[in-house]
Amino acid sequence: MTNRRRHNGSRSQALYERALKVLPGGVSRNTVLRRPRPQYIDFAAGCRTTDVDGVVRLDFANNMASLIHGHAHPAVVAAVAEQLAKGTAYAAATEIEVRYAEALCARNPGFEKLRFVNSGTEAVMCALKAARAFTGRPKIAKVEGAYHGQYDYAEVSESATPERWGSADRPTSVPVAKGTPPAALADVVVIPFNDTERALAILDDHGRDLACVLLDLMPHRVGLMPAEGAFVEALRAWTEANGALLVFDEVITFRAEVAGLQSHYDIAPDLTALGKIIGGGFPVGAVAGRADVMEVMNPLADKVLFPHSGTFSANPVTMTAGLATMSLYDEAAVARLNELGRRAVAGIETAIQATGVTACTTGYGSIFRVHPKRTPPRNYRETYANPAEEAARKRLVDALYMQGVVVFGPCTVTLSTPMGEAEVDALIDAFETAFWGTRR
């Protein structure tokens, strides 16, 4: 499956020692830090990476779910190389941004207009500001535990702990970063996931002050379980009745179906934030939705309600990579990858039963998560890991890594199109071995 030869990590260790002198914690993003040192990649192709010490691993992390075709896909590389020779960014528009906007809008009838930005964080930020501009209201509502990037308002309560999260009936707005302005917390209403009665009661308390309800249909940190249909329908009905917008965060879940996970529910939001896979391996974000809402950014309007710009937004390299990537991710590719996801989950659940380990799975299609819990959680508070569960998760992720299998975060697996049944079966075997080795 992979090269599992042992090594002393001399190059990796040397790099990490240098990094510690110039980067906080030795990294530029906390998510890549692992003990005793980060993994430093030399090169990658398809679904395999090779680190600076020559160790080859199967990559089920795919840069935090952002690489749908794995690494260095030939068609993407060729398209980007051609564009690089023409330039990387200009203080001008390009044809490729028009073509790519047309292609993305064609995937979902609810994408009437679209604006490109540079990250998922920026896409969510843009969507929230557009909602405020359109409605003239200050507050937003979001799900407890949901990660939507690093915007002060969007990140509220994404890492709430039992001693701070308050009652289930009225969750507390908990800051992530020290120094978050109290005014920001006051303008964020926190609702529980998959609890319609409680969520609606909380929303009713804020009524006409809410610009939008922000919802990830399968929020990763909440547990990576799909939202229940009745919950999504209730939020759609409430926003329509109360003059607020419904904003979907599909930065991760757009991979689920050709039109995104929202097509599984047959519910159209007013705005959708996109990112990750639509960049083809380059930094990207986009906000798409109703034409009248997107009009708040129109510089040709008599009064521009939300002046929007960005130096690298819609740069031709990202647009080229994105269009090449998403053109290849058609209905057949989505169906094939989702079927591989079902094979992987079924095999891992069989391994859970065979080993008797305490574990379960959640997810949809080509992305899923393994929890150190007996039954699948329904919300953030059920997902929250106690110290024993957190230790079990760490042992499992480390055991997979030692077998040459890389997953990310709280044991989350993402598939990429270069993978086939052989790679999925290798993943299942690695999980079974890890389950036997980490039983307590």
Revision key, fill the gap. Quick count over region 171-196, residues being surrounded by 14 or more Cβ atoms within 10 Å (Cβ to Cβ) and of a type in the set (D, E, K, R), is 2
Check your understanding: For residues in region 392-428 being of a type in the set (S, T, Y) and part of a loop (DSSP other than H, G, I, E, B), which is nearest to T50 (Cα to Cα)?
Key -> S416
**Study point:** Among the candidates V247, V232, V188, residue that is touching a Phe, Trp or Tyr at 6+ places or on another chain (Cβ under 6 Å), of a type in the set (A, V, I, L, M) and within 23 Å of Y364 (Cα to Cα)
**Key:** V232
Practice item. Search region 278-292 for residues being touching a strand residue (DSSP E or B) at 6+ places or on another chain (Cβ under 7 Å) and among the small types (G, A, S), and hand back the single one that is most open to solvent (accessible area, probe 1.4 Å). Key: A291
Study note, to complete from the structure: Of (1) under 22 Å from F312 (Cβ atoms); (2) loosely packed, with under 11 Cβ neighbours inside 10 Å; (3) among the aliphatic types (A, V, I, L, M), V98 fails just (2)
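For (1) farther than 25 Å from P74 by Cβ; (2) part of a loop (DSSP other than H, G, I, E, B), each residue gets a yes or a no:
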site: E233; (1), (2): yes, no
site: A237; (1), (2): yes, no
site: E257; (1), (2): yes, yes
site: I267; (1), (2): yes, yes
site: M294; (1), (2): yes, no
site: A301; (1), (2): yes, yes
site: A324; (1), (2): no, no
Exercise for review: Kindly list the number of the only condition in (1) part of a helix (DSSP H, G or I); (2) in contact with a His (Cβ under 8 Å, 6 or more places away or on another chain); (3) open to solvent by 40 Å² or more (accessible area, probe 1.4 Å) that fails for E122.
Suggested key: (2)
Revision key, fill the gap. So the helices (runs of 4 or more DSSP H) completely within region 10-93 holding 3 or more residues that are over 22 Å from H220 (Cβ atoms) are 10-22, 74-84
Review point. Given the conditions (1) free of Cβ contacts under 8 Å to residues at least 24 places away in the same chain; (2) basic (K, R); (3) open to solvent by less than 20 Å² (accessible area, probe 1.4 Å), and given that R255 satisfies all but one, which numbered condition is not satisfied?
Key: (1)
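Test V247 against the criterion of being open to solvent by less than 50 Å² (accessible area, probe 1.4 Å), in contact with a helix residue (DSSP H, G or I) (Cβ under 8 Å, 6 or more places away or on another chain) and at pLDDT 95 or above, and give yes or no.
yes
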Review point. Scanning for something within 15 Å of A291 (Cα to Cα) and at pLDDT 95 or above, does region 90-101 turn up at least one residue?
Key: yes
Check your understanding: Out of region 421-440, which residues are surrounded by 14 or more Cβ atoms within 10 Å (Cβ to Cβ) and farther than 14 Å from A392 by Cβ?
Key -> E423, V424, D425, A426, L427, I428, D429, A430, E432, T433
Check your understanding: When A230 is evaluated against the numbered criteria (1) under 24 Å from K373 (Cβ atoms); (2) surrounded by 15 or more Cβ atoms within 10 Å (Cβ to Cβ); (3) in contact with a Ser or Thr (Cβ under 7 Å, 6 or more places away or on another chain), which criterion, by number, is the only one it fails?
Key -> (2)
Point to revise | The listed residue being over 21 Å from the mean Cα position of the chain (by Cα), among the aliphatic types (A, V, I, L, M), under 20 Å from G280 (Cα atoms) and open to solvent by less than 60 Å² (accessible area, probe 1.4 Å), out of V56, V52, V76 | key: V76
Exercise for review: Read through the list (1) out of contact with any Leu (no Cβ under 7 Å at 6 or more places or on another chain); (2) surrounded by 19 or more Cβ atoms within 10 Å (Cβ to Cβ), then give the number of the only condition that L340 fails.
Suggested key: (1)
Exercise for review: Give region 137-170 a look and list any residue that's among the acidic types (D, E), open to solvent by 30 Å² or more (accessible area, probe 1.4 Å) and more than 26 Å from F306 (Cα to Cα), or say none.
Suggested key: E163, D169
Point to revise | Number of the exception - F134 against (1) open to solvent by 50 Å² or more (accessible area, probe 1.4 Å); (2) over 14 Å from Y380 (Cα atoms); (3) of a type in the set (F, W, Y); (4) within 17 Å of the chain's Cα centre (by Cα) | key: (4)
Practice item. Can you run down the residue pairs with Cβ atoms below 7 Å, 6 or more apart or on separate chains, where the first is in region 379-395 and free of Cβ contacts under 8 Å to residues at least 40 places away in the same chain and the partner is part of a loop (DSSP other than H, G, I, E, B)? Key: A385/P372; E389/P372; E389/K373; R393/P372; R393/A385; R393/P410; R393/C411
Check your understanding: Do we have D187 as in contact with a helix residue (DSSP H, G or I) (Cβ under 6 Å, 6 or more places away or on another chain) and charged (D, E, K, R) here?
Key -> no
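The values are calculated or read from the model by the stated rules, or taken from the named source; none is laboratory data. From a predicted model like this one, the values you see are computed outputs, not experimental measurements. So basically every Cβ, Gly included, is an ideal-geometry build from the backbone, and we count neighbours across all protein chains shown. The protein model used for the area step is the full one, side chains on, heavy atoms only, and it has no ligands, DNA or RNA in it. Shrake-Rupley method; radii C 1.70, N 1.55, O 1.52, S 1.80 Å.
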